[in-house]
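> I have a structure I would like to understand better, so I am pasting it below and will then ask my questions one at a time.
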Protein chains: 2
Amino acid sequence: MLMIHHFIKIALLIYVFIFSSSTVPFDWKASLKKPNIIFFLVDDMGWQDTSVPFWTEKTALNLLYQTPNMEKMATEGMKFTQAYASSVCSPTRVSLMTGMNAARHRVTNWTLKRNISEDHADDVLKMPVWNMNGLQPVDSIENSVHATTLPQILKQNGYFTVHCGKAHWGAMNTPGANPLNLGFDLNIAGHAAGAPGSYQGEKNFGNKDGDKQTLPWGVPGLGKYHGDTINLTEVLTLEAISAIQQAQKLNKPFFLNMSHYAVHTPLEADARFYKKYKNMGLEEPEARFASMVEGMDKSLGDLMSFLSENNLDKNTIIVFMSDNGSLSATARGGQKHTHNSPLKSGKGSAYEGGIREPMMVKWPGKVKPGTVCNQPIIAEDFFSTLLDLAGVKKINTVQVIDGVSFTPFLFQKSKVQKDRTLVWHYPNKWGPTGPGIGTTSTIRHGNWKLIYWYKDGKKELYRLEEDLSENNDLANKYPEKVDELSALLGEYLRKVNADRPLFKQTNQAAPWPDEI
Amino acid sequence: MLMIHHFIKIALLIYVFIFSSSTVPFDWKASLKKPNIIFFLVDDMGWQDTSVPFWTEKTALNLLYQTPNMEKMATEGMKFTQAYASSVCSPTRVSLMTGMNAARHRVTNWTLKRNISEDHADDVLKMPVWNMNGLQPVDSIENSVHATTLPQILKQNGYFTVHCGKAHWGAMNTPGANPLNLGFDLNIAGHAAGAPGSYQGEKNFGNKDGDKQTLPWGVPGLGKYHGDTINLTEVLTLEAISAIQQAQKLNKPFFLNMSHYAVHTPLEADARFYKKYKNMGLEEPEARFASMVEGMDKSLGDLMSFLSENNLDKNTIIVFMSDNGSLSATARGGQKHTHNSPLKSGKGSAYEGGIREPMMVKWPGKVKPGTVCNQPIIAEDFFSTLLDLAGVKKINTVQVIDGVSFTPFLFQKSKVQKDRTLVWHYPNKWGPTGPGIGTTSTIRHGNWKLIYWYKDGKKELYRLEEDLSENNDLANKYPEKVDELSALLGEYLRKVNADRPLFKQTNQAAPWPDEI
């Protein structure tokens, strides 16, 4: 009996080996040892929207927000204090999926409708024709970036790949709008849009007619919860757990892209936690926002509990990340541009408040508990890192990879690099205004950071260690440093064929940072 | 027996009437009805260093600090959301005592030693010879302002006048260093210095040799507490209560200038509250600072309790105020310049974080409980206001009074003035650097605020209602508004004979704001 069972298993494996649709042969031996990966990505969550201090000190915002499960994860894993994303969502999400810097993939602003740029009009600059159709699995879609994606490679390497939540990679009416076309075996509630119509089951998550999706914001595929008193964040958690169970039945390692719509607008109260924050004296919509943060944290806790109850925790890597800074220029309560304090400004800004993210990694027995890493890392690094952690040795992609694996830091095999260079590129106009929000390119080199403004050629220079809040512009004091960073930035942008805006009046391209 | 007692009382009053040293005759009849006044002045306390929201919303800092007695006072009295002081201590304290704007009294920086300016050297500007010897009761002291003081007038009007805590009006070795020379009947622990050597009884409050004052920082006159495990804030409260009891024995209304050294540096833990904040996860020195804030709040609570237990609460006005914004450029934990968020910067700055103060007034039966007033008021207004509340009709002073009584707002007889003009003048250099910290003059006119920098002629323009954090400089957008406010400011500064800095290179006076 046992022999027969064994024989069938081998036969099945041979079948899979021969008839697999993957271009890379399926290595079943390796797959048995592979760790599961949960990439827990929160939307619009800032560096301070948590009770876990990501700075050297606990701040007033850390005391306000209550994220006990993030605290647990921090004590069990490694906390990264200088993890970066782009300042808006789509560029970050495409970098995560492709390993490309935003200047290279050119999905530099947020995407939604095919061939429609969400750029606002500017009085001086004409924005470039950026890749407004987002990420695509083919090379035939105009204004898009064609790339081999992270889940595609993981799938080729034996993973059961699950997308759960906000996708927001390709524009509506393109293949990239559907996560199943981007390498996922399973798609839960993901499509082109970057926000839910509603977080409430009572409101069918934004679908007016329960059976039919209300475009563009109605969340798809959750019909069975329509009308229920349940929050979208909770729904996604339940569905993710059921997807993990599915992977267990398939006897495959899983990659779960746990991509919450929370804590993006609309700021709707998460009824499970709202009253507590209201009673603390928080006004609308800050009490709502705090309740959404704790709802997201509950999801993290539920997933961690499920893993340990099912003996999956030891072989599962959890990576916690967000896609841009906390929204601060609009929709929030309180004074604008203060929601990421001590970081300046928020979502959409080139200042730290727009780009610095809460990031943690937990892998029991592999990543030392309660550790902190100050290595500067950026969205595109996760691509190489996750493949590295999954033991994928050979990566064949159609695109050039910019990101670098940070596993040496994760396993404490490398010291922090004091001189790493990071680049952000935003040849766009978001809409809301505020400090650091505009058409800019930015470079960080070691402790120095330079922001270049295309509109008027202005350059700002900061030393982050001494001035995390970017209050003291040192450009006049260190002109040579300005020139040095401008040259590095200009060189990089030209190398990757970055887009740049034109001057409306002359129709001439705005100068690169080192041309002015 | 009763007759004899009555006779002695009248005889005593006749004696007081004839032999009073006051220049204005003592009106004993009026004095019997006069309300007691406690002016509760905290040092270096910012607009957000409290659980009482002074903005439209409760902020993260409001949730961090715990000041239950201030909360009680807020529900029992009127809260002023736009009360201003100078950005450093001495100018505010002299304005409070004299009713003069700082530009007029010219004690524009903090005082300490006779004829020694605490100004730091600047590379471009030479600072003027300002009134570095502070406030004086005579006209014979060089570099000082001679004025008739608030307690002097109250004393002439029958009040028992008590100073308790930090004085900091006149430089060392001048008459003004001693509160008894400035109109106070009693001085508890006040002298020239603006900070205590220590808050700890165990450290003799900064006196190395218990019997002898250690200059300049050792707190004087508290020998009986030396060596005890007791905090200075508690000592001042106990002594203030005993001073009130003394006033009761004298059967006089009292004016208590309850002028805490707290929450100025040195940031030493108040042992009664420190552990709680440490356990919240706050790092040094923020846990210490928060404990000092709650210690100060306890003092307010103890005074309020004493008043009600002794049936004094109904006839006692309490005014709560601070002398400048919360320290943020030095000594504090956390990121510099963020401790007054959503206000920008802190002590020493022309931005709101340097000058906007927590202010409340409680007068049972007279001031409507739980009310809020948005009228902009400033330090010098308290002089006229307190005299007004004390029923002093005729005020004879050697100085010109700039302040205006805000009693019409307190008693809800007047609507907020949408176009009030306020001026700040700081022709000095503080030392610590940061946003808005420098040699500036500032004007607020209605919702507009202009900051003029003497060093480079720069002008910044903000609209406070829309941009409380002063992030969007509108100077380029509204040049006519810049000119209008510059003219108002220049006119005012010339009218009051304000000091101004010189350019080092040419020895020429820097231009007034409307000359550039």
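> Filter segment A:286-298 down to residues that are over 15 Å from B:Thr59 (Cα atoms) and of a type in the set (A, V, I, L, M, F, W, C) and give me whichever is farthest from the other protein chains (Cβ to nearest Cβ). Walk me through it before giving the result.
So in segment A:286-298, the residues over 15 Å from B:Thr59 (Cα atoms) come out as A:291-298.
Next, from what is left, pick out any that are of a type in the set (A, V, I, L, M, F, W, C): A:292-293, A:296.
Numbers: A:Met292: 16, A:Val293: 13, A:Met296: 18 Å.
Per the criteria, the residue is A:Met296.
> Further question on the same structure: Within segment A:363-377, is even one residue in contact with a strand residue (DSSP E or B) (Cβ under 8 Å, 6 or more places away or on another chain), within 14 Å of another protein chain (Cβ to nearest Cβ) and under 30 Å from A:Lys429 (Cα atoms)?
No, segment A:363-377 contains no residue that is in contact with a strand residue (DSSP E or B) (Cβ under 8 Å, 6 or more places away or on another chain), within 14 Å of another protein chain (Cβ to nearest Cβ) and under 30 Å from A:Lys429 (Cα atoms).
> What residue, of B:Thr98, B:Thr92, B:Thr23, B:Thr67, is farther than 30 Å from B:Arg288 by Cα, at pLDDT 95 or above and in contact with a helix residue (DSSP H, G or I) (Cβ under 9 Å, 6 or more places away or on another chain)?
Working: B:Thr92 fails: farther than 30 Å from B:Arg288 by Cα; B:Thr23 fails: at pLDDT 95 or above; B:Thr67 fails: farther than 30 Å from B:Arg288 by Cα.
So the residue among B:Thr98, B:Thr92, B:Thr23, B:Thr67 that is farther than 30 Å from B:Arg288 by Cα, at pLDDT 95 or above and in contact with a helix residue (DSSP H, G or I) (Cβ under 9 Å, 6 or more places away or on another chain) is B:Thr98.
> Also, I was wondering about something else. Just to check your reading of the model, which residue among A:Leu215, A:Leu238 is in a helix (DSSP H, G or I) and either among the basic types (Lys, Arg) or open to solvent by 50 Å² or more (accessible area, probe 1.4 Å) (or both)? Break it down stepwise before answering.
Values: A:Leu215 fails: in a helix (DSSP H, G or I).
Sole residue among the options that is in a helix (DSSP H, G or I) and either among the basic types (Lys, Arg) or open to solvent by 50 Å² or more (accessible area, probe 1.4 Å) (or both): A:Leu238.
> Could you check segment B:248-285 and list, in sequence order, the residues that are more than 25 Å from B:Ala193 (Cβ to Cβ) and within 14 Å of another protein chain (Cβ to nearest Cβ)?
Those that are more than 25 Å from B:Ala193 (Cβ to Cβ) and within 14 Å of another protein chain (Cβ to nearest Cβ): B:Lys276, B:Tyr277, B:Lys278, B:Asn279, B:Met280, B:Gly281, B:Leu282, B:Glu283.
> Of the residues B:Ser144, B:Ser140, which single one is free of Cβ contacts under 8 Å to residues at least 24 places away in the same chain and not aromatic (Phe, Trp, Tyr)?
Details: B:Ser144 fails: free of Cβ contacts under 8 Å to residues at least 24 places away in the same chain.
Criteria check complete, one pass: B:Ser140.
> Return the residues of segment B:27-54 that are surrounded by fewer than 20 Cβ atoms within 10 Å (Cβ to Cβ), in a loop (DSSP other than H, G, I, E, B) and either β-branched (Val, Ile, Thr) or modelled with pLDDT under 95 (or both); say none if nothing qualifies.
B:Asp27
> Identify, please: which residue in segment B:331-344 is at the interface with chain A (Cβ under 8 Å from one of its Cβ atoms) and in contact (Cβ under 8 Å) with a residue 12 or more places away in the chain and is, among those, most open to solvent (accessible area, probe 1.4 Å)? Steps first, answer last, please.
Start the filter on segment B:331-344 by keeping residues that are at the interface with chain A (Cβ under 8 Å from one of its Cβ atoms), which leaves B:333-338, B:341-342.
With the extra rule that they be in contact (Cβ under 8 Å) with a residue 12 or more places away in the chain, the set shrinks to B:333-334, B:336-337, B:341-342.
Values: B:Gly333: 3, B:Gly334: 28, B:Lys336: 103, B:His337: 18, B:Ser341: 25, B:Pro342: 7 Å².
Ranking the qualifying residues of segment B:331-344, first place goes to B:Lys336.
> Follow-up question, since we're still on this one. Going by the conditions given, is A:Lys275 more than 17 Å from A:Ile318 (Cβ to Cβ), of a type outside the set (Asp, Glu) and part of a loop (DSSP other than H, G, I, E, B)? Can you show your working first?
Numbers: more than 17 Å from A:Ile318 (Cβ to Cβ): yes; of a type outside the set (Asp, Glu): yes; part of a loop (DSSP other than H, G, I, E, B): no.
For A:Lys275, the condition - more than 17 Å from A:Ile318 (Cβ to Cβ), of a type outside the set (Asp, Glu) and part of a loop (DSSP other than H, G, I, E, B) - is not met.
> Please find, within segment A:283-337, the residue that is farthest from the chain's Cα centre (by Cα) out of those that are under 22 Å from A:Val235 (Cβ atoms) and among the acidic types (Asp, Glu).
A:Glu309
> Search segment B:436-481 for residues being under 22 Å from B:Lys504 (Cα atoms) and over 23 Å from the mean Cα position of the chain (by Cα), and hand back the single one that is nearest to the other protein chains (Cβ to nearest Cβ).
The extreme case among them is B:Asp456.
> To continue, here is another question. Can you name every residue in segment A:308-325 that is touching a residue at least 60 places away in the same chain (Cβ under 8 Å) and either surrounded by fewer than 24 Cβ atoms within 10 Å (Cβ to Cβ) or not in a loop (DSSP other than H, G, I, E, B) (or both)? I'd like the intermediate steps shown before the answer.
If we filter segment A:308-325 for residues that are touching a residue at least 60 places away in the same chain (Cβ under 8 Å), which is where we start, we get A:310, A:312, A:315-325.
Matches in segment A:308-325: A:Asn310, A:Leu312, A:Asn315, A:Thr316, A:Ile317, A:Ile318, A:Val319, A:Phe320, A:Met321, A:Ser322.
> Taking segment B:102-127, which residues are over 13 Å from the mean Cα position of the chain (by Cα) and open to solvent by less than 20 Å² (accessible area, probe 1.4 Å)?
Narrowing segment B:102-127 to residues over 13 Å from the mean Cα position of the chain (by Cα): B:103-109, B:111-127.
B:Ala103, B:His105, B:Val107, B:Thr108, B:Asn109, B:Thr111, B:Leu112, B:Asp122, B:Leu125 - these are the residues of segment B:102-127 that are over 13 Å from the mean Cα position of the chain (by Cα) and open to solvent by less than 20 Å² (accessible area, probe 1.4 Å).
> Right, A:Glu239: away from chain B (no Cβ under 14 Å) and in contact with a Cys (Cβ under 8 Å, 6 or more places away or on another chain) or not? Steps first, please.
Numbers: away from chain B (no Cβ under 14 Å): yes; in contact with a Cys (Cβ under 8 Å, 6 or more places away or on another chain): yes.
Against the criterion (away from chain B (no Cβ under 14 Å) and in contact with a Cys (Cβ under 8 Å, 6 or more places away or on another chain)), A:Glu239 qualifies.
The values are calculated or read from the model by the stated rules, or taken from the named source; none is laboratory data. Quick caveat: nothing in here was measured; it's all calculated off a predicted structure. Cβ sites come from the backbone with ideal geometry, for glycine too, and all protein chains shown count toward neighbours. For the accessible areas, the whole protein counts, side chains as well, though only heavy atoms, and no ligand, DNA or RNA atoms are used. Shrake-Rupley method; radii C 1.70, N 1.55, O 1.52, S 1.80 Å.
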